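I have placed the structure first, in the form of structure tokens, so that the comments after it can refer back to it.
Every number in this text was worked out from the coordinates using simple rules, so none of it is lab data. Treat the numbers as computed from the prediction; the structure is a model and nothing was measured. Backbone-built Cβ (ideal geometry, glycine too); neighbour counts: all protein chains shown.
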Amino acid sequence: MSSISITQYFPFCRVNIFDQLVTERKSIIYARPDGRFKPICYICKRRCDTVHKWVKRPVRDLDFGPAHVTIECIYRQIFCVKCDSFLVEDLEFFEPSRRVTKRLARYIHELCKVLTIQDVARNLDLDWKTVKDIDRAFLEEEFGQTDYTDLTVLAVDEISVRRGHSYMTVVLDYLTGRVIWMGIARRADTLMTFFDGMTKEQKEHLKAIVMDMWNPFIKAVQDRVPHVKIVFDLFHVVKEFNKVIDRVRIDEYNKASESDRKIIKGSKYLLYKNPENISKPEDKEHLDRLLELNETISKVMILKDKLKLIWECESREDAKNQIDKWCALAESVHHPSVSKFVNRIRRYEYGILNHCDHPIHTSILEGVNNKIKVIKRKSYGFRDERYFSLKVIQAFSII
Ligand SMILES: [Zn+2]
């Protein structure tokens, strides 16, 4: 008989390894409680004298070479007088609620930082839900409590989580660019929940919050932290104005002659882009022809450019002048969607002027949105919004 032993790879102090079954793809290690220790309650850690019964369970451990390792563990069910119930003894190397060892659970959590749940599950031959639940439990412990310390400027945004109209609210610390909180839906009470977790001092510490012109969020800020300045950012306003441009484009298409329609057709994304980001010569030519052909489309494109100038103003007075000029020019287009947008700009002027006191760079928001989209694409969280939130917060904790 060989003297080679793999026992030292199982340094679990409360059990003895007493047998092993090793095949090419599978190893079973047999373990039982070390008689030198009295059983302890896994909840209160108290030593217990009353053994109710002996039980057995397979616990998956880290792989050994090409083989999956299972520890077939015998353990005791005890009666804990302190907890006043029948409980499982704590053998320290696995959580009684799990079918994997603590070290395998930690390894799964580490793998989930870089691989999808499906990849990890396939790799370790475990089911999807086991992997997700383990990763989620670690994330909950690490990021489950919102870190409200030192927040002064926040950005709040919404993301769509499923096709249709399922949204989540995302709050980030604008100064560090980190997502700190996510909540289901994009209602006023969603964002109120975030503020309700703050102490009075933490609320007082807040100075500004950046967002789009979305009434429920405005309401939540005015209700919970009324001293905080609301700032509307360029990124969202331009995104909204792109919708106006699209409306204008469709109306102009419907009015156009057959030959002009050919030019308007397929121009939607050209109009969305910043002209300096259009690289293909044929696209540039297409856009030039379109702007030459249609005065209304041309005007709204000028309005889009001029809209950006408002956010470049450093003083409230300059910004106010730019807004007035912009609105006058926009009214001259005489298009209902443009006029509606003018009314919105007028109504939310205060938040645009606040930008002069709290100038923020919208590129951060775009970057955050893109990063969240990547996490979403990896299929995290489609079934579990809480897990998705924790995954996003984790991704931003390591920047
Ligand atoms: Zn106990």
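Can you tell me the alpha carbon radius of gyration of region 206-272 divided by the globular rule-of-thumb value 2.2 N^0.38 Å? Ratio of Rg to 2.2 N^0.38 Å for region 206-272: 1.69. With springs only between Cα atoms under 10 Å apart, run a GNM on the chain and tell me which of Gly183, Gly367, Gly266 wobbles the most. Result for the chain, Cα springs under 10 Å: Gly266 fluctuates most.
Among the chymotrypsin sites (Phe, Trp or Tyr not before Pro) in region 190-262, none is located in a DSSP loop while being surrounded by at most 12 other Cβ atoms within 10 Å of its own Cβ. Given R₀ = 51 Å, FRET efficiency for Asn254-Asp63 by Cβ-Cβ distance, to 0.05? After rounding to 0.05, the efficiency reads 0.20.
Extension gain for the segment Arg25 to Glu240, taken as residue separation times 0.36 nm less the Cα-Cα distance, is 71.6 nm to one decimal.
Pairs with C-alpha atoms separated by more than 18 Å, drawn from the list Lys371/Lys391; Lys219/Lys320; Lys132/Lys378; Lys45/Lys82; Lys207/Lys229, are Lys219/Lys320. The lysines whose alpha-carbon is closer than 23 Å to the alpha-carbon of Lys284, local same-chain residues fewer than 8 away aside, are Lys239, Lys243, Lys262, Lys265, Lys268, Lys273, Lys299, Lys304, Lys306, Lys308.
Going by Cα centres, region 80-121 and region 247-278 are how many Å apart? One Cα centre to the other: 57 Å. The simple Förster model, with R0 at 45 Å and r as the Cβ-Cβ distance, assigns Asp357 and Ser332 a FRET efficiency of 0.90. Diffusion of the chain by Stokes-Einstein, at 25 °C in a medium of 0.890 mPa s and with Rh set to the Kirkwood radius over alpha-carbon pairs, works out to 95 µm²/s. Rounded to the nearest 10 degrees, the inclination of helix 363-377 to the longest alpha-carbon principal axis of the chain is 50 degrees.
Modelled label positions at Trp54 and Arg316, each set 7 Å beyond Cα in the direction of Cβ, lie 8.0 nm from each other.
Considering only Gln322, Gln20, Gln118, the Gaussian network model of the chain with Cα springs below 10 Å gives its largest mean-square fluctuation to Gln20. Please build a GNM for the chain, connecting alpha carbons under 10 Å apart, and tell me which residue among His286, His355, His236 fluctuates the most. Among His286, His355, His236, the largest mean-square fluctuation in the Gaussian network model of the chain belongs to His286. Convex hull volume per residue, computed on the Cα atoms of region 1-105, equals 103 Å³. Straightening the chain between Asn343 and His227 buys 39.2 nm, computed as 0.36 nm per residue apart minus the Cα-Cα spacing. Computed from label points 7 Å out along Cα-Cβ, the spacing between Ser279 and Lys373 is 1.7 nm.
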